[in-house]
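Shown next, in structure tokens, is the structure this report addresses.
The values are calculated or read from the model by the stated rules, or taken from the named source; none is laboratory data. Quick caveat: nothing in here was measured; it's all calculated off a predicted structure. Because the Cβ atoms are built from the backbone with ideal geometry, glycine has one as well, and the counts that use them run over all protein chains shown. Keep in mind that these areas ignore ligands, DNA and RNA; they rest on the heavy atoms of the full protein, side chains included. Shrake-Rupley method; radii C 1.70, N 1.55, O 1.52, S 1.80 Å.
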Amino acid sequence: MVRNLLIINVVVFLLQINGVISLETFALHYFGSELFRPIQLFTHMFMHGGWSHLFSNMFSLFIFGPMLERFWGPQRFLAFYLITGLGASFLYSGVRAYELNGLESETATYMVNPEPMAFYNYMEEHYNGRYNTEFAVEFRRNPDNPTYIEESKEAVRYVFGQVFNSPMLGASGAVFGILMAFGLLFPNLELFLIFLPIPIKAKYFVLLYGGYELYAGFNRVPGDNVAHFAHLGGMLFAYILVRMWQRNDYRNF
């Protein structure tokens, strides 16, 4: 099953970069977006944002997946992979709804009271500073200029649309679910990491990784386009699923 998932992800990515399938159709959009389709809850986890994104996810699947597949069997492993990926999309979408609600309120406030400093802060926070700095300088010099005011409103509307319709994609939610399951089922197995050439038990590795994702999710820096809460969603649903299966297997035994 791990081999099949690796092949599917690579094939889908090749189709994606060659324009056969599109992000607009199959990446996960916000529930309130006109681009959202229910099928995206599953299809997004087979698409990736680039070769490095694909490699990191598939490398983790290749390293940690086989032991779980041997432990559970291919059918349960596939169910786990899909459920944790789906759970990741649910948690991410919930957080996304909260963020976009704040963005919508901030955008509406700007439309009522457009002024240079508010424009600067909006662009820095939501568009990574990618705007015409010369325009921003001129706007600050002439804050009452109706042309500048209208142009700033148009820029803010554009950024809102870009952020609102930006999709989430990748197998990271399912992969982080696999990491969590690995740490729960083989907690004392020692790992040697490339960037940390000393042994570390799987349970501590998962704990550190999860702690970092939690920190990065709540302390998001401008330009960070990583869906940290999707990673956390995969880990959360993995924890619930593994404990539920352990309880049921114990009762059956």
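In segment 119-178, of all residues being under 30 Å from residue 22 (Cβ atoms) and among the polar types (S, T, N, Q), the one that is nearest to the chain's Cα centre (by Cα) corresponds to 172. Consider residue 114 carefully, then state whether it is open to solvent by less than 40 Å² (accessible area, probe 1.4 Å) and out of contact with any Phe, Trp or Tyr (no Cβ under 7 Å at 6 or more places or on another chain). Considered against the rule, which asks whether it is open to solvent by less than 40 Å² (accessible area, probe 1.4 Å) and out of contact with any Phe, Trp or Tyr (no Cβ under 7 Å at 6 or more places or on another chain), residue 114 comes out as yes. The selection criterion, being open to solvent by 20 Å² or more (accessible area, probe 1.4 Å), modelled with pLDDT of 95 or more and either among the acidic types (Asp, Glu) or touching a Leu at 6+ places or on another chain (Cβ under 6 Å) (or both), does not hold for residue 138. Quick one: in segment 146-157, which of the residues that are touching a Phe, Trp or Tyr at 6+ places or on another chain (Cβ under 9 Å) and not aliphatic (A, V, I, L, M) is surrounded by the fewest Cβ atoms within 10 Å (Cβ to Cβ)? Going through the qualifying residues, I end up with 153.
The residues of segment 170-205 that are open to solvent by 20 Å² or more (accessible area, probe 1.4 Å) and in contact with a Ser or Thr (Cβ under 9 Å, 6 or more places away or on another chain) amount to a single one, 180. Within segment 119-134, the set of residues being open to solvent by less than 30 Å² (accessible area, probe 1.4 Å) and farther than 16 Å from residue 161 by Cβ comprises 119, 129.
Residue pairs whose Cβ atoms lie under 8 Å apart, separated by 6 or more positions or on different chains, with the first residue in segment 233-251 and under 14 Å from residue 180 (Cα atoms) and the second modelled with pLDDT of 85 or more and open to solvent by 80 Å² or more (accessible area, probe 1.4 Å), are 233/90. Among the residues of segment 9-25, those that are without any contact (Cβ under 8 Å) to a residue 60 or more places away in the chain, open to solvent by less than 80 Å² (accessible area, probe 1.4 Å) and in a helix (DSSP H, G or I) comprise 10, 11, 12, 13, 14, 15, 16, 25. Taken over segment 141-155, the criterion of being in contact with a Pro (Cβ under 9 Å, 6 or more places away or on another chain) and either of a type in the set (A, V, I, L, M) or modelled with pLDDT under 85 (or both) is satisfied by 149 alone. For residue 105, the requirement of being open to solvent by 50 Å² or more (accessible area, probe 1.4 Å) and either in contact with a strand residue (DSSP E or B) (Cβ under 7 Å, 6 or more places away or on another chain) or in a helix (DSSP H, G or I) (or both) is met.
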